[in-house]
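The values are calculated or read from the model by the stated rules, or taken from the named source; none is laboratory data. Predicted model only: the values in this text are computed from it and were never measured. Cβ placement follows ideal geometry from the backbone for every residue including glycine, while neighbour counts extend to all protein chains displayed. Note: accessible area is taken over every heavy atom of the protein model, side chains too, but ligands, DNA and RNA are not part of it. Shrake-Rupley method; radii C 1.70, N 1.55, O 1.52, S 1.80 Å.
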Amino acid sequence: MELKRVVVTGIGAFTPVGSTVEEVFKNLVNGVSGSAPITHFNTEKFKTKFACEVKNFDVSPYVDRKEARKMDPYTHFAMAAAHECVLDSNIELDKENLDEIGVIWGSGVGGLSTIQNEISAFAAGDGSPRFNPFFIPKMISNIAAGYITMKYGMRGPSYGTVSACASATHAMIDAFNYIRLGKAKAFITGGSEATIDECGVGGFNAMKALSENNAEAESASRPFDVSRDGFVMGEGGIAYLFEEYEHAIARGAKIYAEVVGGGMSSDAYHLTAPEPEGKGAAGCMKAAINDAGIKLTDIDYINVHGTSTPLGDIAEVSAIKHLFGDHAYNMNISSTKSMTGHLLGAAGAMDAMACIVALQTGVVPPTINCKNLDPQLDPQLNLTLNVAQKRNVEYALSNTFGFGGHNGSIILKKYKA
């Protein structure tokens, strides 16, 4: 069976470093931090008082006010991103067979603030179960995909992927596979997350996973730096239109990049900690490269999971050195979570944008905030520290790894007509 080619023909993004494709591209290249004091709630009693919020977000241009009340903020981000993605793609949906277009959407947590608000209201009441009738559909992690299909009448495959921080990458890999197997013409895919609330920050604080460097909030996300003390939480939604190549060409679509491979694996090691030698991560990257039908030496850039946690950064770099050998020193490696923070289940969609930036512009976004490299890391590796670097990138690989040992890697290729 001949596999179909798959291309990216639309992007919509509401992120901590911008809410248009142009703004996100520019800020990723220029090393702009999205970290700032939290505005979503009063942090007085919390250990962490900063995060990477989406600035000045307003859902009203994208969703009717009455309908918006039935949605959790993670769905607001999804709906806004999907809207901008469809506009950006110039696809005329009224001329398409909507049975052949679907939605696969990633969210690791779903409606956390909805759960928090409903339980708080119940606890403050008289004990009577007076829950909002939209409580359940607001908070479940698949509902964003459902809302997107209803908005556009898309009747192809539709579901949500939930694999912690690998959720959006797994969603994109699934969309890629459906299209190349000839089971659909296009998908809206990506991910969204909205967990900068009392439950999200308090829960991750309890795990000692979040940075507590309140005095240096803007530079607290510092992958590879010896002083890193945890990740900085991010939020937002990023949507892509993945489309079958011939279909895209026939309608004259602009093409951002080609999707050529995806890999998944499991650490089978620990609930939250990575396997120390990065065996699962290495296996995941190798699976993606094999799937793409390319050589290890073809990879020019890796956007690492790189969340700024003491264990995770070391394990991932170890995996890269183990898998790529000498070629590890020829690649650019960077963690753009140093700018965006960690969008949890939407991280893979956010990080894929950095890969598209590199493919489109010939500039690799940097890892910012690294002043003192961890001595456990090899200083000969090109971690693209602090300043973007010019490079012709033909193949870019994006890693995302989630609690439970869920790993995902996706490979994007520079598109050439």
* Structure fact -> Expressed as a percent, the accessible surface of the chain that is carbon or sulfur, using a 1.4 Å probe and the full set of protein chains, is 53
* Pairs of Cα atoms farther than 12 Å apart, region 97-138, % -> 69
* Asked: Dipole of the chain, Cα-centred, from +1 at each Lys and Arg C-beta and -1 at each Asp and Glu C-beta, to the nearest 20 debye?
  -> 300
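What is region 32-164's relative contact order, in percent, from Cα pairs under 8 angstrom and six or more apart in sequence? Write out the running numbers ahead of the final one.
On the way: 152 pairs, mean separation 36.7, N = 133.
The normalised contact order for region 32-164 reaches 28 percent.
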* Structure fact -> Other residues with Cβ under 14 Å from the Cβ of L343 give, with Lys and Arg +1 and Asp and Glu -1, a net charge of -3
* To do: Using only the Cα atoms of region 308-417, build the gyration tensor, take square roots of its eigenvalues as a ≥ b ≥ c, and label the shape rounded, prolate or oblate: rounded if a/c is under 1.5, else prolate if a/b is larger than b/c, else oblate.
  => rounded
* Among G348, G234, G325: highest mean-square fluctuation, GNM of the chain, C-alpha pairs under 10 Å -> G325
* Asked: Of all the stretches in the chain, which is the longest one without any exposed loop site, taking GluC sites (Glu not before Pro) in a DSSP loop (any state but H, G, I, E, B) with at most 16 other Cβ atoms within 10 Å?
  -> 93-211
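Just subtract the alpha-carbon distance of H327 and S128 from 0.36 nm times their residue separation and send over the number in nm, one decimal.
Values: separation 199, 0.36 × 199 = 71.64 nm, distance 6.30 nm.
So the chain would gain 65.3 nm between H327 and S128.
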* Structure fact -> The lysines whose Cα lies under 20 Å from the Cα of K337, excluding any fewer than 8 residues away in the same chain, are K26, K49, K55, K208, K371, K390
* **Segment A36-L311, extension gain: residue separation times 0.36 nm, minus the distance between their alpha carbons** => 96.5 nm
* Rank A80, A215, A349 by mean-square fluctuation in a GNM of the chain with C-alpha springs under 10 angstrom and give only the top-ranked residue. => A215
* With every protein chain present, what accessible area does I101 have (1.4 Å probe, heavy atoms only), rounded to the nearest 10 Å²? -> 0
* Asked: Restricting attention to region 1-73, which trypsin sites (Lys or Arg not before Pro) occupy a DSSP loop and are surrounded by at most 12 other Cβ atoms within 10 Å?
  -> K45, R69
* Based on the Cα atoms of region 144-239, what semi-axes does the equivalent ellipsoid have, where each is the square root of 5 times one gyration tensor eigenvalue, given in whole Å with the largest first? -> 35, 15, 11
* What translational diffusion coefficient, in µm²/s and rounded to a whole number, does the Stokes-Einstein relation yield for region 218-293 at 37 °C and a viscosity of 0.692 mPa s, taking the hydrodynamic radius as the Kirkwood radius over Cα pairs? -> 199
* 1.4 Å probe accessible area per residue over the chain, in Å² -> 39
* Structure fact -> Placing +1 on each Lys and Arg Cβ and -1 on each Asp and Glu Cβ in region 1-155, then taking the dipole about the Cα centre, the residue among V86, Q116, L28 whose Cα reaches farthest towards the positive end is Q116
* Structure fact -> The Rg/Rh figure for region 196-340, Cα atoms and Kirkwood Rh, to two decimals is 1.02
* Structure fact -> Full extension between K70 and L271 adds, at 0.36 nm per residue less the Cα distance, a length in nm of 69.1 nm
* Considering only DSSP beta bridges whose two residues both sit in the chain, what percent are antiparallel, to the nearest 5? -> 65
* Asked: Considering only G402, V364, S318, whose Cα is most displaced toward the positive end of the charge dipole of region 313-404, charges sitting on Cβ of Lys, Arg (+1) and Asp, Glu (-1)?
  -> V364
